[in-house]
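Colleague: Following this message is one structure expressed as C-alpha cells.
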Amino acid sequence: MSDSRGLKPTALIIDDEQQIRRLLHTCLEANDYKVVEASTGEEGIYEAAQRPPDVIILDLGLPDMDGASVLKRLRQWSNIPVVVLSVREREEEMIAALDNGANDYVTKPFRTGELLARLRVAQRHKQPSLGSHIFKSGGLEVDLTARVVKVNGTEIKLTPIEYSLLSLFVRYPGRVLTHQQILKEVWGPNSTEHTDYLRVHIAHLRQKLEPQSSRSTFLKTEPGIGYRFTDKD
C-alpha cells in the first residue's frame with residue numbers, strides 16, 4: 001500500500017511489549033509499511049516529532065507515562081492518525097481515548113486483518129476535509145458551502161440539527177465520534193449528557209439518508225461509545 005508518490009507509508013509503533021512490536025513489525029512490513037518502533041511514551045513522542053509517520057499505533061499501558069498522556073501531547077501539535085491498540089476493554093477508557101483525539105480503538109488480542117483495515121481508514125483521512133466544499137460517498141453528496149444535501153441526485157431537506165450532524169460526520173469519515181464529542185460540537189459544551197436528544201436526531205437523519213433501508217450503511221453505531229460515518233468511496 002503506497003501513497004500517491006509511490007512511497008511506503010510509515011507506521012510508528014509505541015508499545016513496551018517486544019513480542020507485540022515484533023508481531024506488528026512483521027505484519028506491517030508484509031503490507032508495504034515502513035516501520036519505526038518506540039518502547040516508551042517519551043521515545044514515541046520524540047520519533048513522531050523528528051520523523052512524522054503516516055499513522056501511529058499506540059498502547060495505553062506504557063512504562064513511563066499513560067498512553068492517554070502521550071495522545072494529549074501529540075494532539076497539541078499534530079493531526080497524525082492514531083489507532084489505540086490496548087488490552088483495556090473498559091468502555092470508559094475507550095471513550096476517553098477517542099475524546100482525547102484517537103482515530104480508532106482496537107483491543108488486544110487483535111486480528112491483523114481488522115487492524116490493517118482500521119489503519120487504512122485512519123490514514124485515508126489524515127486531515128479533516130474542512131477546505132473541501134463537496135463531499136461525495138456512494139449516492140450521497142453534501143455541498144458544505146451551499147448547505148445542500150443530495151441522495152442519488154435528489155435534494156433532501158434536513159433540519160438545522162440534522163445538517164449540523166451530517167456536516168460533522170462527513171468532515172471525519174471513518175472516525176469514531178463519541179456521544180460527548182458530537183453533543184459538544186452540535187449542541188454546545190453544556191449538553192454532553194443529553195444522549196437521548198442525539199439518538200432521536202440520528203434516527204431521523206438515517207431515515208432521510210437511506211429511506212428504503214432498514215439498516216443504515218452510512219451511520220454505524222458503536223455501542224455505548226458513539227457513531228462512525230462509513231465513507232463508501
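Each reported figure results from applying straightforward, stated rules to the coordinates on display, with no laboratory input. Because the structure is predicted, anything quoted here is derived from the model rather than measured. For neighbour counting, all protein chains shown are included, and Cβ atoms are generated from backbone atoms with ideal geometry for every residue, glycine included.
Colleague: Shape call for region 1-85 from the C-alpha gyration tensor, a ≥ b ≥ c root eigenvalues: rounded (a/c under 1.5), prolate (a/b greater than b/c) or oblate?
Modeller: On the way: a/c = 2.27, a/b = 1.30, b/c = 1.75.
It is oblate, given that a/c is not under 1.5 and a/b is not larger than b/c.
Colleague: Rounded to the nearest 5, what % of DSSP beta bridges with both residues in the chain are antiparallel?
Modeller: If we restrict to bridges inside the chain, about 55 percent are antiparallel.
Colleague: I want to check the label-to-label distance for Leu7 and Lys157. Put each point 7 Å from Cα in the C-beta direction and report it in nm to one decimal.
Modeller: According to this spin-label approximation, the distance is 5.0 nm.
Colleague: Looking at region 65-118, which trypsin sites (Lys or Arg not before Pro) are in a loop (DSSP not H, G, I, E or B) and have at most 13 other Cβ atoms within 10 Å? It would help to have the intermediate numbers written out before the result.
Modeller: On the way: sites: Lys72, Arg73, Arg75, Arg88, Arg90, Arg111, Arg118; in loops: Arg88, Arg90, Arg111.
Listed in order of number, the matching sites are Arg90, Arg111.
Colleague: Can you work out the FRET efficiency for the pair Arg147 and Lys184, with r the C-beta to C-beta distance and R0 = 22 Å, to the nearest 0.05?
Modeller: 0.55
Colleague: Right, something else. Per DSSP helix of 4 or more residues, -39500 (n - 2.57); summed, then divided by the residues of the chain. What does that give at 222 nm, rounded to the nearest 500?
Modeller: Rounded to the nearest 500, it is -12000 deg cm²/dmol.
Colleague: Now, a different point. Once both labels are modelled 7 Å past Cα along the beta-carbon direction, what's the Val87-Thr26 spacing in nm?
Modeller: 2.0 nm
Colleague: Now for a different question. With the cut-off at 32 Å, tell me which of the pairs Lys184/Lys208; Lys150/Lys184; Lys108/Lys220; Lys8/Lys150; Lys108/Lys184; Lys8/Lys72 have Cα atoms farther apart than that.
Modeller: In this structure, Lys8/Lys150 lie more than 32 Å apart at Cα.
Colleague: How far is it, in nm, from the label point at Lys108 to the one at Ser164 when both lie 7 Å from their Cα along the line to the Cβ?
Modeller: Rounded to a tenth, the inter-label distance reads 4.1 nm.
Colleague: For Ser78 and Leu116, calculate 0.36 nm times their separation in residues minus their Cα-Cα distance, and state this gained length in nm to one decimal.
Modeller: Extra length available between Ser78 and Leu116 comes to 11.5 nm.
Colleague: Can you list which of the GluC sites (Glu not before Pro) found in region 1-103 are DSSP loop residues with at most 12 other C-beta atoms within 10 Å?
Modeller: Numbers: sites: Glu17, Glu29, Glu37, Glu42, Glu43, Glu47, Glu89, Glu91, Glu92, Glu93; in loops: Glu17, Glu89.
Of the GluC sites (Glu not before Pro), the ones in loops of region 1-103 whose Cβ has at most 12 other Cβ atoms within 10 Å are Glu89.
Colleague: Counting only DSSP beta bridges with both residues in region 46-119, what percent are antiparallel, rounded to the nearest 5?
Modeller: Counting only bridges with both partners in region 46-119, antiparallel ones make up about 10 percent.
Colleague: A follow-up question, please. Return the equivalent ellipsoid semi-axes of region 134-229 as a descending list in whole Å, where each equals the square root of 5 times an eigenvalue of the C-alpha gyration tensor.
Modeller: Values: eigenvalues 89, 43, 30 Å².
The equivalent ellipsoid of region 134-229 has semi-axes of 21, 15, 12 Å.
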